[in-house]
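The values are calculated or read from the model by the stated rules, or taken from the named source; none is laboratory data. Since the model is a prediction, treat every value here as computed from it, not as a measurement. Cβ coordinates were reconstructed from backbone atoms using ideal geometry, including for glycine residues, and neighbour counts include every protein chain displayed. Note: accessible area is taken over every heavy atom of the protein model, side chains too, but ligands, DNA and RNA are not part of it. Shrake-Rupley method; radii C 1.70, N 1.55, O 1.52, S 1.80 Å.
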Amino acid sequence: MKKVYTEEEIRKIVRDQNVRFLRLCFTDINGTLKNVEVPLSQLDKVLANEIRFDGSSIDGYVRIEESDMVLYPDFSTWAVLPWGDNEGGKIGRLICSVHNTDGTPFAGDPRNNLKRVVAEMKDMGYSNFEIGFEAEFFLFKEDSEGNWTTKPTDQSSYFDMASEDEGAKCRRDIVETLEKIGFEVEAAHHEVGAGQQEIDFRFDDAVATADKVLTFKMVVKQIAKKHGLHATFMPKPVEGLPGSGMHTNMSLFKDGKNVFYDKDGEYKLSKTALYFLNGILSHARALTCVGNPTVNSYKRLIPGFEAPVYISWANKNRSPLVRIPDAEEIGTRLEMRSADPTANPYLLLAACLKAGLEGIKEAKMPMVPITSNVFEMSAEEKKERGIIALPSTLHNATKYFKQDKLIQDALGEHLTQSFIESKELEWAQYTQSVSDWERNRYMNY
């Protein structure tokens with residue numbers, strides 16, 4: 001159970017650890033971490049929910065005439081960041097929900113929105129939506145001026161023991177830093193691509209896990225910089241290398257028990273799990289827009305690598321969208337393999353939970369699981385089995401999102417409008433750009 005610090009405990013830690021500044025964090029529509037940093041003299045205001053900021057400057061928030069927003073810190077997210085010079089003091093961090101000036105939760109805050117959908121889950125009698133993320137990333141060398149390059153730290157592959165390369169040293173430093181601020185790191189290893197890494201931390205409830213993803217990305221980038229490296233969560237930074245995913249492991253609990261588990265069920269899955277799964281599969285195309293929200297995301301969702309391209313599920317096969325890992329009762333889960341680390345974790349989990357709960361309400365069984373490699377099936381065989389493709393571009397994914405009222409409801413009216421505007425603007429900017437590929441191919445025409 002996560003610790004919720006009291007005001008008195010926070011004040012004591014501030015004194016004992018020479019905390020001089022307070023960083024209040026939240027996210028915009030795209031999942032980019034934002035913060036308001038205040039000096040220690042403002043501690044009383046921080047603890048009393050009295051810190052305001054200009055919301056009109058944040059993507060997806062409000063118009064300029066409605067700009068005042070208030071930060072409500074979640075005391076369970078308190079941490080002292082393990083960097084900064086000793087003379088200047090340390091920085092205390094709190095993740096916040098955003099509220100209107102009248103005290104009501106702001107509907108455009110992705111964190112508030114996830115809490116809203118979690119409340120709907122609890123109204124259905126469930127206690128926890130437990131999540132484990134597997135967020136992959138690349139470490140690249142910086143040039144002499146500190147700018148990023150695409151030169152990887154190594155030429156290693158999956159689980160290689162290149163213990164002396166700079167990437168492995170950096171990864172160990174990241175793990176140690178995460179543990180200092182309360183993460184329970186379960187595994188860390190080299191991924192398939194050169195310079196590609198994965199660090200897995202213990203599952204937790206949806207809001208806490210989304211909070212941890214933001215902290216995780218901040219730590220990875222900070223520690224990489226210390227090692228003279230550039231960390232990126234870009235889904236496909238280099239052509240020909242595997243992309244970085246953020247596999248999303250989901251399970252539902254009631255009265256302390258995992259309701260996805262049934263010792264007598266096929267694959268040890270309960271009917272509740274299968275109904276939830278059907279909800280995910282039924283809304284997969286719109287979910288893809290939320291879980292793969294950038295133009296670059298779709299350079300990863302292509303045949304030839306492990307990222308899924310088709311809507312299907314299985315227990316051992318790694319080509320489908322959803323996999324059922326072998327696990328004991330508490331670890332029984334659905335692993336959705338499409339999402340990537342550019343997804344806003346609050347929006348992604350709200351959409352997945354809403355789709356799964358709708359599946360439970362509909363009580364329909366999913367399609368037959370796929371035991372063979374989807375990529376090796378003919379078009380006729382895929383059609384016969386009801387296997388359809390995920391969207392191949394952000395443009396097409398946005399179309400499916402605009403047609404799916406349930407996934408829009410998962411984000412709420414404010415976030416839905418902001419999200420659509422953001423994706424359509426990104427696609428318009430992309431289609432107007434001219435790439436090196438185009439110049440190399442067409443300049444001599």
*Spacing of the two label points (7 Å from each Cα toward its C-beta) at Thr150 and Ser435, in nm*: 1.0
_Amide H within-cut-off set for Thr153, under 5 Å, with H built and near neighbours excluded_ = Leu139, Lys141, Gly195
*Take the alpha-carbon centre of the range 182-220, take the same for the range 222-261, and report the distance between them in whole Å.*
6
*Here are some pairs, Lys221/Lys399; Lys236/Lys268; Lys115/Lys364; Lys316/Lys402; Lys180/Lys423; Lys115/Lys399; which of them have Cα atoms lying more than 28 Å apart in this structure?*
Lys221/Lys399; Lys236/Lys268; Lys316/Lys402; Lys180/Lys423
_Environment charge of Asn30, counting only residues whose C-beta is closer than 12 Å and scoring Lys/Arg +1, Asp/Glu -1_ = -2
*If you plug each phi of the range 108-123 into the Karplus form 6.51 cos²θ - 1.76 cosθ + 1.60 with θ = phi - 60°, what whole-Hz ³J(HN,Hα) values come out, in order, with x for Gly and Pro?*
x, 8, x, 5, 4, 5, 4, 4, 5, 5, 4, 5, 4, 4, 5, 5
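Which number comes out as Rg/Rh for the range 222-284 once both Rg and the Kirkwood Rh are worked out on C-alpha atoms?
On the way: Rg = 18.9 Å, Rh = 15.4 Å.
With Rg and the Kirkwood Rh in hand, the quotient comes to 1.23.
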*Can you work out ³J(HN,Hα) from phi for every residue in the range 367-384, in order, using Karplus 6.51 cos²θ - 1.76 cosθ + 1.60 and θ = phi - 60°, giving whole Hz and x for Gly and Pro?*
4, 5, x, 9, 9, 9, 6, 4, 5, 8, 7, 6, 4, 5, 5, 5, 5, 5
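Provide Glu7, Glu134 ordered by accessible surface of protein heavy atoms (probe 1.4 Å), highest first. Mind showing how you got there, number by number?
On the way: Glu7 70, Glu134 40 Å².
My answer, sorted largest first, is Glu7, Glu134.
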*Estimated inter-spin distance, Lys405 and Ser67, nm [label 7 Å along Cα→Cβ]*: 3.8
*Which net charge results when you count Lys and Arg as +1 and Asp and Glu as -1 among the other residues whose beta-carbon is under 12 Å from that of Ala389?*
+3
*Which one of Tyr400, Thr431, Met443 has its Cα pushed farthest toward the positive end of the charge dipole of the range 389-445, where Lys and Arg give +1 and Asp and Glu give -1 at the Cβ?*
Met443
*With +1 on each Lys and Arg Cβ and -1 on each Asp and Glu Cβ, how big is the dipole of the range 6-67 about its Cα centre, in debye rounded to the nearest 20?*
240
*With +1 on each Lys and Arg Cβ and -1 on each Asp and Glu Cβ, and nothing else charged, work out how big the dipole of the chain is about its Cα centre, in Debye to the nearest 20.*
460
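What does the charge dipole of the range 215-320 about its Cα centre add up to, to the nearest 20 debye, if the Cβ of each Lys and Arg holds +1 and the Cβ of each Asp and Glu holds -1?
Details: 15 positive and 6 negative charges, 76 e Å.
In debye, rounded to 20, the range 215-320 gives about 360.
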*Looking at Val295, Gly412, Leu22, which one has the Cα that reaches farthest to the positive end of the dipole of the chain (charges on Cβ: Lys, Arg +1; Asp, Glu -1)?*
Gly412
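For a quick protection proxy, order the peptides 242-252, 21-31, 343-353 by their average other-Cβ count within 10 Å, most packed first. Mind showing how you got there, number by number?
Working: 242-252: 23.9, 21-31: 21.8, 343-353: 28.8.
By packing density, highest mean first, the sequence is 343-353, 242-252, 21-31.
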